[in-house]
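Quick notes on the structure that follows.
The values are calculated or read from the model by the stated rules, or taken from the named source; none is laboratory data. Since the structure is predicted, the reported quantities are computational estimates derived from the model, not experimental observations. Glycine gets a Cβ as well: all are built from the backbone with ideal geometry, and neighbour counts include every protein chain shown.
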Amino acid sequence: MAKRQTAIVDIGSYSIVTLIGERGLNNTFKILGKGEVSYDGFSNGKFFSPSDLKNVIGMSIANAEQSSGLKITEVFVGVPGEFCLSYCEDVKLKFNGKKKVKEVDIQALFKRGIKRHPTYSLINHSSVYFTLDDGKRVIDPINKPTTALVAKVNYVMAENNFMDFISGIFSELGIKHVIYISASLAEMIYLIEPNIRDRYALLVDVGYMTTSVMVGQGDGLLFLNSFSLGGGHITGDLYQVLKIPFIQAESLKHKIILNWDAKDTDTYEVMGKDFINAYSAKAANEITEARVEVIANYILKCLDRCEYEFPDYLPIYLSGGGVSYIKGIKDFLGKKLGRKVEIVAPKLLDNSRPDFSSEISILDAALNMHENNYRLIYKR
């Protein structure tokens, strides 16, 4: 592939997505190839069927290569929140007299906050904010005169076992150059506008089997926590309680309208190739509401663990393919969380759904890194 063309692999809890893309006009993207293959996923930081992962990733890559006519030799891999550890450090760099800040100074500053960990390795670092010697906070200190530079820096680490396992698979597939990206950090940067992040931003990605809760500021994550609950658990509840086939439970979930005060006689119709089955709308709504309430309680527990204080009026931005499509989810989840909920997704004509958020955000981050010659990237 040409240098401007970049390949990413998004390891979701429902499917593996490979994208080959390049930057388009007005900071959009041109998707040259895509491959998506569903699989058993992961929970609590463990893959359900690790022995199948090579075939799944291989098929995803092969489909993207076939649809684009390009060969992937280098890949950026998005690391899910469940396999990441995020922390922030206040670091300081003094100069010999007043000088204009250069890029090399920022890199030297970043290195001061790096910590060693026995089971995690650094994959991303980024600034929350910088402070000059006059106490003024700035987002970009380049060419600003100062005698010292202080910064709050966010460092995101990924599990060594995860990266070693995934790198081994890519090596067997003939791809030796693998760069890891925090999927959560990529989503925060791409989905949330800078003017919002400059204050605080609360972002929750509810996937099929996992949910990541993020508090962002500047270009970093002040907080990241994940738990193994998502939209797939709603399907499981419908399957178990209503005693219906799993595939019909999945279809029924997509019919749910949470702000519908369904009566005992109201039904949702699920259509198959040779059948139409009707299920109690009231029962399906109650089952869905119960699971969403559990997810909401876990989100609140995560936010309670965050050491940083943020205003009560801040909304929670919701993304991911787990529950965002459910009609009435914003109001229902908002009541349970005590905050306004807004759904965010890529602002693209062909990829504007919340379930595309992770893959497009990772592609955006990878292209930025390509354009900056892999600056701030750590490879294994």
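Brief remarks on what is shown
- Within region 55-84, the residues that satisfy the criterion of being outside any loop (DSSP other than H, G, I, E, B) and surrounded by fewer than 16 Cβ atoms within 10 Å (Cβ to Cβ) are Asn55, Ala62, Gln66, Ser67.
- Taking the criterion of being surrounded by fewer than 22 Cβ atoms within 10 Å (Cβ to Cβ) and under 17 Å from Gly12 (Cβ atoms), the only residue of region 187-207 that qualifies is Tyr190.
- Failed item, numbered, when Ile362 is tested on (1) surrounded by 18 or more Cβ atoms within 10 Å (Cβ to Cβ); (2) assigned by TED's automatic domain parsing to the domain that holds Ala262; (3) in a helix (DSSP H, G or I); (4) among the aliphatic types (A, V, I, L, M): (2)
Every residue, every condition in (1) without any contact (Cβ under 8 Å) to a residue 24 or more places away in the chain; (2) over 30 Å from Val204 (Cβ atoms); (3) of a type outside the set (Lys, Arg); (4) out of contact with any Gly (no Cβ under 8 Å at 6 or more places or on another chain), yes or no:
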| position | (1), (2), (3), (4) |
| --- | --- |
| Gly35 | no, no, yes, yes |
| Phe48 | yes, no, yes, no |
| Phe83 | no, no, yes, no |
| Val104 | yes, yes, yes, yes |
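- Residues in region 339-355 that are surrounded by 17 or more Cβ atoms within 10 Å (Cβ to Cβ) and acidic (Asp, Glu): Asp355 only.
- Inter-residue pairs, beta-carbon under 8 Å, first acidic (Asp, Glu) and in region 170-192, second not in a loop (DSSP other than H, G, I, E, B), 6+ apart: Glu172/Lys54; Glu187/Leu203; Glu187/Asp205; Glu187/Met214; Glu187/Ser319; Glu187/Ser357; Glu187/Ser358; Glu187/Ser361
Rundown of residues vs (1) modelled with pLDDT of 95 or more; (2) closer than 25 Å to Thr211 by Cβ; (3) not polar (S, T, N, Q), yes/no style:
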position	(1), (2), (3)
Val9	yes, yes, yes
Asn26	no, no, no
Ser38	yes, yes, no
Gly41	yes, yes, yes
Gly45	no, yes, yes
Ile61	yes, no, yes
Val77	yes, yes, yes
Glu89	yes, no, yes
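- Residues satisfying the stated conditions in region 168-209, i.e. of a type in the set (A, V, I, L, M, F, W, C) and more than 16 Å from Ala365 (Cβ to Cβ): Ile169, Phe170, Leu173, Ile175, Ile196, Ala201, Leu202, Val204, Val206, Met209
- Some residue of region 224-240 being under 26 Å from the mean Cα position of the chain (by Cα), farther than 22 Å from Leu337 by Cα and not hydroxyl-bearing (Ser, Thr, Tyr): yes
- Residue match in region 183-198 (condition: farther than 20 Å from Ile329 by Cα and of a type in the set (Phe, Trp, Tyr)): yes
Okay, residues lined up against (1) hydrophobic (A, V, I, L, M, F, W, C); (2) under 16 Å from Ser67 (Cβ atoms):
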{"residue": "Thr6", "(1), (2)": "no, yes"}
{"residue": "Ser13", "(1), (2)": "no, no"}
{"residue": "Thr18", "(1), (2)": "no, yes"}
{"residue": "Glu22", "(1), (2)": "no, yes"}
{"residue": "Leu25", "(1), (2)": "yes, no"}
{"residue": "Ile31", "(1), (2)": "yes, yes"}
{"residue": "Gly41", "(1), (2)": "no, no"}
{"residue": "Asn44", "(1), (2)": "no, no"}
{"residue": "Phe47", "(1), (2)": "yes, no"}
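- Taking region 186-280 and the strands (runs of 3 or more DSSP E) fully enclosed by it, the elements with 1 or more residues that are in the same structural domain as Ala290 (by TED's automatic domain parsing), at pLDDT below 95 and of a type outside the set (D, E, K, R) are at 267-271, 276-280.
- Where Ala284 falls short, out of the listed (1) assigned to a helix (DSSP H, G or I); (2) under 20 Å from the mean Cα position of the chain (by Cα); (3) more than 23 Å from Pro80 (Cα to Cα): (2)
- When restricted to residues that are in contact (Cβ under 8 Å) with a residue 24 or more places away in the chain, surrounded by fewer than 18 Cβ atoms within 10 Å (Cβ to Cβ) and either assigned to a strand (DSSP E or B) or in the same structural domain as Ala365 (by TED's automatic domain parsing) (or both), region 136-146 contains 1.
- Just one residue in the set Lys253, Lys243 is in contact with a Ser or Thr (Cβ under 9 Å, 6 or more places away or on another chain) and among the basic types (Lys, Arg); that residue is Lys253.
- Checking each residue in region 346-369 for being under 17 Å from Gly230 (Cβ atoms) and touching a residue at least 60 places away in the same chain (Cβ under 8 Å) picks out Ser357, Ser358, Glu359.
- Set Asp133, Asp90: member being charged (D, E, K, R) and either assigned to a helix (DSSP H, G or I) or closer than 22 Å to Arg197 by Cα (or both): Asp90
- All of (1) crowded, with 17+ Cβ neighbours inside 10 Å; (2) in contact with a Leu (Cβ under 8 Å, 6 or more places away or on another chain); (3) in a helix (DSSP H, G or I) hold for Leu300 with one exception: (1).
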